[in-house]
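**Student:** One structure coming up, written as structure tokens, with questions to follow.
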Amino acid sequence: LTIVFDTAANEYAADFDIKVFNAADVLIHNEQVTDNTSPKYELMKQLDNYRKIELIIKKWAKGLRRARVIEVDFGLVKEYDSKKLVSLKYLKEIDLIGKTIPISELVFVVDNTKREFNIVNPEGFYRSLQKRQEVKVEMGVEISPDTFDYIPMGLFYLTDWKSDEGSLTTTFIAQDVIQFLDSFEMENKIADLKSLYTLAEEILSACGITNYEIDSTLQSINTQAIYKKMTARNLMRHICVAGRVICFSNRNGGFVLKQLQETEPVDDITFRKAWQKPQITLDKLIAVVEVNIYDNGEVDSVYQLQNGTEGEIYKVDNPLINDSTTAQAVAEWILSILNKRAMYNVNWIQNPALDVGDMLEIENAYGIAPAKLYKQEIEYRGYTRGRSELRGAIEGD
């Protein structure tokens, strides 16, 4: 339990009692505090099944003043400044052609010299930690002295935590809403004509995801919806490919299926912003895109899209693609992305306002080229830096 007195005036109750009652109005804990010297008091007790709390102030730290209680938090409010927050790593990624649906992740390490997170500490925080607890992240930029402009980075859910006795730190790992898709398996062996939009809604409903945004273009793409047993995440991946959309979580934690549009660059990565020049590699050359067309759960035909005589064959096997029109649209969509063969990998100071899917301009040894951001890692260790991966076209291709 955390009680916050008058932090602005640095005033507080010096002597007070905290009485905790259960649903039957029976006292289950009585904390008598004397000689308190802090405007924020933390009651480090495991309080189970409580229903009412009474705060009885007996003495205020300053005479002739009104007692003031700003807030009472049913839990512990801990603040970790740059000396206590050892590190934070933020990872967000999309797959531009739907081979996978990446899970965004947050890993942060905090100081544990007081052993508050140790499992054997009876008055520690370990018992209060639960999987899928919400973790909200904001990053800010100082726009004037002591004035910060913050932006939400997303909503994550705690998946794991561990303490390191050697370094006296505790590491927390949290992932976004896409992880929920791995907990459910789905199967349908009977043809049930429906839109990809409806199928996506059915998957999200089965997984208990209510905060979502689905591109309206999926309403006009139909499927027989026959598929073998697979995880909801894998089935959603098939929807992404058949519907030519990408899947990610937005800054408020909502689940998003969206078609990426070609836009003007919103920022640039110049040599001045980078720790080193971008590493540039060429993706493989694609000669043919082959798309299997399914009918009643079996491959009925194959659509081919030629792209020259040299290169590899890129194959698409997706049970939700049931007609040549969809197959052609998917093949053209995939080829339009894979033909942008320049792969950039750059370490730079990072801009937290950017999001995956944004178009940027990136400087190289021969000038500036547009490229699409598909992976962003931001790391904080008292300062901010990170790595971005982008895909762009080669001049002349």
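The values are calculated or read from the model by the stated rules, or taken from the named source; none is laboratory data. Computed from a predicted model, the values in this text were never measured in an experiment. Note that each Cβ is placed from the backbone with ideal geometry, even for glycine, and that neighbours are counted across all protein chains shown. These accessible areas exclude ligands, DNA and RNA; they are computed on the full protein's heavy atoms, side chains included. Shrake-Rupley method; radii C 1.70, N 1.55, O 1.52, S 1.80 Å.
**Student:** Where the second residue is open to solvent by 60 Å² or more (accessible area, probe 1.4 Å) and not hydroxyl-bearing (Ser, Thr, Tyr) and the first is assigned to a loop (DSSP other than H, G, I, E, B) and lies in segment 49-60, which pairs have Cβ atoms under 9 Å and are six or more apart or on separate chains?
**Tutor:** That search, which allows pairs on different chains as well, returns ASN49/ALA23; ASN49/ILE28; TYR50/ALA23; TYR50/ILE28; TYR50/PHE74; ARG51/ALA23; ARG51/ALA24; ARG51/ASP25.
**Student:** Quick check on this structure: which one of ALA191, ALA274, ALA242 is crowded, with 20+ Cβ neighbours inside 10 Å, of a type outside the set (Phe, Trp, Tyr) and touching a residue at least 40 places away in the same chain (Cβ under 8 Å)?
**Tutor:** Result of the check over ALA191, ALA274, ALA242: ALA242.
**Student:** Out of GLU290, GLU361, report the one residue that is touching a Pro at 6+ places or on another chain (Cβ under 6 Å), among the acidic types (Asp, Glu) and part of a strand (DSSP E or B).
**Tutor:** After applying the criteria, what remains is GLU361.
**Student:** Can you name the number of the only condition in (1) farther than 17 Å from LYS92 by Cβ; (2) at pLDDT below 95; (3) in contact with a strand residue (DSSP E or B) (Cβ under 6 Å, 6 or more places away or on another chain) that MET343 fails?
**Tutor:** Unmet for MET343, out of (1) farther than 17 Å from LYS92 by Cβ; (2) at pLDDT below 95; (3) in contact with a strand residue (DSSP E or B) (Cβ under 6 Å, 6 or more places away or on another chain): (2).
**Student:** For segment 12-30, how many residues are assigned to a strand (DSSP E or B) and more than 40 Å from the chain's Cα centre (by Cα)?
**Tutor:** Residues flagged as assigned to a strand (DSSP E or B) and more than 40 Å from the chain's Cα centre (by Cα) within segment 12-30 amount to 7.
**Student:** Within segment 353-371, track down each residue that is open to solvent by 20 Å² or more (accessible area, probe 1.4 Å) and under 19 Å from the mean Cα position of the chain (by Cα).
**Tutor:** Hits for segment 353-371 are ALA353, ASP355, ASP358.
**Student:** Pull out all pairs, ordered by first then second residue, where Cβ-Cβ is under 6 Å, the residues are six or more apart or on different chains, the first lies in segment 329-347 and is open to solvent by less than 40 Å² (accessible area, probe 1.4 Å), and the second is part of a helix (DSSP H, G or I) and modelled with pLDDT of 95 or more.
**Tutor:** Note: no pairs meet the criteria.
**Student:** Okay, moving on. Among the residues that make up segment 293-311, is at least one of them in contact (Cβ under 8 Å) with a residue 60 or more places away in the chain and under 26 Å from ARG391 (Cα atoms)?
**Tutor:** Scanning segment 293-311 turns up no residue that is in contact (Cβ under 8 Å) with a residue 60 or more places away in the chain and under 26 Å from ARG391 (Cα atoms).
**Student:** Looking at (1) open to solvent by 90 Å² or more (accessible area, probe 1.4 Å); (2) farther than 23 Å from ILE349 by Cα; (3) not in a strand (DSSP E or B), which is the one condition that is false for GLY98?
**Tutor:** The number of the failed condition is (1).
**Student:** I would also like to ask the following. Within segment 66-89, is there a residue that is under 30 Å from TYR314 (Cβ atoms) and of a type outside the set (Ser, Thr, Tyr)?
**Tutor:** Checked against the condition, which is being under 30 Å from TYR314 (Cβ atoms) and of a type outside the set (Ser, Thr, Tyr), segment 66-89 yields no hits at all.
**Student:** Identify all residues within segment 153-188 that are more than 13 Å from LYS131 (Cα to Cα), modelled with pLDDT under 95, open to solvent by 40 Å² or more (accessible area, probe 1.4 Å) and in contact with a strand residue (DSSP E or B) (Cβ under 6 Å, 6 or more places away or on another chain); write none if there are none.
**Tutor:** SER163 - this is the single residue of segment 153-188 that is more than 13 Å from LYS131 (Cα to Cα), modelled with pLDDT under 95, open to solvent by 40 Å² or more (accessible area, probe 1.4 Å) and in contact with a strand residue (DSSP E or B) (Cβ under 6 Å, 6 or more places away or on another chain).
**Student:** Say we look at segment 253-285 and pick out the residues that are assigned to a loop (DSSP other than H, G, I, E, B) and acidic (Asp, Glu); which of these is farthest from GLY311 (Cα to Cα)?
**Tutor:** GLU264
**Student:** For the condition among the charged types (D, E, K, R) and closer than 30 Å to TRP275 by Cβ, what is the one hit in GLU363, GLU312, GLU298?
**Tutor:** None of the other options fit; the residue is GLU363.
**Student:** Look through segment 21-48, keep the residues that are over 16 Å from LEU76 (Cα atoms) and touching a residue at least 24 places away in the same chain (Cβ under 8 Å), and return whichever of them is most open to solvent (accessible area, probe 1.4 Å).
**Tutor:** Here the answer is THR37.
**Student:** Turning to a different aspect of this structure: Please identify the pairs in which a residue from segment 129-152 that is under 9 Å from PRO352 (Cα atoms) and at pLDDT 90 or above has its Cβ atom under 9 Å from the Cβ atom of a residue that is surrounded by fewer than 10 Cβ atoms within 10 Å (Cβ to Cβ) and basic (Lys, Arg), counting only partners at least 6 apart or on another chain.
**Tutor:** none
**Student:** Looking only at segment 298-317, count every residue that is modelled with pLDDT of 95 or more and either outside any strand (DSSP E or B) or closer than 30 Å to ILE349 by Cα (or both) and tell me the total.
**Tutor:** The number of residues fulfilling the criteria is 1.
**Student:** State which residue is farthest from the chain's Cα centre (by Cα) when the search covers only segment 58-104 and only residues that are among the basic types (Lys, Arg) and within 30 Å of ALA232 (Cα to Cα).
**Tutor:** LYS99
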